[in-house]
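K.L.:
Below: one structure in structure tokens.
The values are calculated or read from the model by the stated rules, or taken from the named source; none is laboratory data. These numbers were taken from a predicted model, which means no experiment stands behind them. Cβ atoms come from the backbone with ideal geometry, glycine included; neighbour counts cover every protein chain shown.
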Amino acid sequence: MPETLPAVGDTAPTFTLPDQDGSEVSLSDFAGRRVIVYFYPAASTPGCTTQACDFRDSLSSLASAGYAVLGVSKDEPAKLQKFRDAEGLTFPLLSDPGLEVHKAYGAWGEKQNYGKTIEGTIRSTFVIGEDGTIEHALRNVKATGHVARIRKLLEV
């Protein structure tokens, strides 16, 4: 975990990760655009599927408002490809099995799961502005209703 977690106003940590097809995607590919980067625990699980489908269903309005969406998990590209195909997802799903990007964003660490403290993905969303700075940092969010909350926050 970084000494200090990235916060609103900070430059977003850069990254390059493979997507569901094995193609490299970099945050810098979106320079001059606004990007929503969200971290989720595991493809094809109930909460993550709900959240991904909510992003899918909101993608046209988010894109119209100038936002791209990137999902990041520790899953390998093959699993992400199955998830994309099963749910008809239309935005990149990025693979971070080494957790470097999770840790750079503070999206990996101790969390509560059914009353037990475990180490894992902390469901988090970051809105990154056209200039590469973090505009919103939402940590430890709930899957259900999260995209609606983001849309309200962004007035989309």
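K.L.:
Any residue that is under 14 Å from Val156 (Cβ atoms), in contact (Cβ under 8 Å) with a residue 12 or more places away in the chain and outside any strand (DSSP E or B) - is there at least one of those in segment 37-55? Reasoning before the result, please.
P.N.:
Taking segment 37-55 first, the residues under 14 Å from Val156 (Cβ atoms) are 54-55.
Okay, now just the ones that are also in contact (Cβ under 8 Å) with a residue 12 or more places away in the chain, so 54-55.
If we keep only those that are outside any strand (DSSP E or B) as well, we get 54-55.
Yes; the residues of segment 37-55 include at least one that is under 14 Å from Val156 (Cβ atoms), in contact (Cβ under 8 Å) with a residue 12 or more places away in the chain and outside any strand (DSSP E or B).
K.L.:
Being crowded, with 18+ Cβ neighbours inside 10 Å and either of a type in the set (Ser, Thr, Tyr) or free of Cβ contacts under 8 Å to residues at least 24 places away in the same chain (or both) is the filter here; which residues of segment 57-72 pass it?
P.N.:
Within segment 57-72, Ser58, Tyr67 qualify.
K.L.:
A further question on this structure: Just name the residue that is farthest from the chain's Cα centre (by Cα) out of those in segment 110-128 that are farther than 16 Å from His146 by Cβ and surrounded by 15 or more Cβ atoms within 10 Å (Cβ to Cβ).
P.N.:
My answer is Gly120.
K.L.:
Being surrounded by 15 or more Cβ atoms within 10 Å (Cβ to Cβ), under 27 Å from Ser28 (Cβ atoms) and at pLDDT below 95 is true for just one of Val141, Val101. Which residue is that?
P.N.:
Values: Val101 fails: at pLDDT below 95.
Going through Val141, Val101 in turn, just one is surrounded by 15 or more Cβ atoms within 10 Å (Cβ to Cβ), under 27 Å from Ser28 (Cβ atoms) and at pLDDT below 95: Val141.
K.L.:
Working only within segment 66-108, note down all residues that are farther than 25 Å from Thr11 by Cβ and part of a helix (DSSP H, G or I).
P.N.:
Pro77, Ala78, Lys79, Leu80, Gln81, Lys82, Phe83, Arg84, Asp85, Ala86, Glu87 - these are the residues of segment 66-108 that are farther than 25 Å from Thr11 by Cβ and part of a helix (DSSP H, G or I).
K.L.:
How many residues are in a loop (DSSP other than H, G, I, E, B) and among the hydrophobic types (A, V, I, L, M, F, W, C) when one looks only at segment 114-156?
P.N.:
4
K.L.:
Checking the conditions here, which among Asp75, Asp54, Asp96 is buried (at least 18 other Cβ atoms within 10 Å of the Cβ), among the acidic types (Asp, Glu) and under 15 Å from Ser26 (Cα atoms)?
P.N.:
Numbers: Asp75 fails: under 15 Å from Ser26 (Cα atoms); Asp54 fails: under 15 Å from Ser26 (Cα atoms).
Result of the check over Asp75, Asp54, Asp96: Asp96.
K.L.:
Anything in segment 11-38 that is modelled with pLDDT under 95 and of a type in the set (Val, Ile, Thr)? List them, or say none.
P.N.:
Within segment 11-38, no residue meets the criteria.
K.L.:
May I ask you to list pairs of residues, at least six apart or on different chains, whose Cβ atoms are under 8 Å apart, with the first in segment 78-102 being among the polar types (S, T, N, Q) and the second being in a helix (DSSP H, G or I) and surrounded by fewer than 20 Cβ atoms within 10 Å (Cβ to Cβ)?
P.N.:
Thr90/Arg56; Thr90/Leu59; Ser95/Pro77
K.L.:
Oh, and also: For segment 32-51, what are the residues that are under 24 Å from Gly98 (Cβ atoms), surrounded by fewer than 17 Cβ atoms within 10 Å (Cβ to Cβ) and not polar (S, T, N, Q)?
P.N.:
Ala42, Gly47
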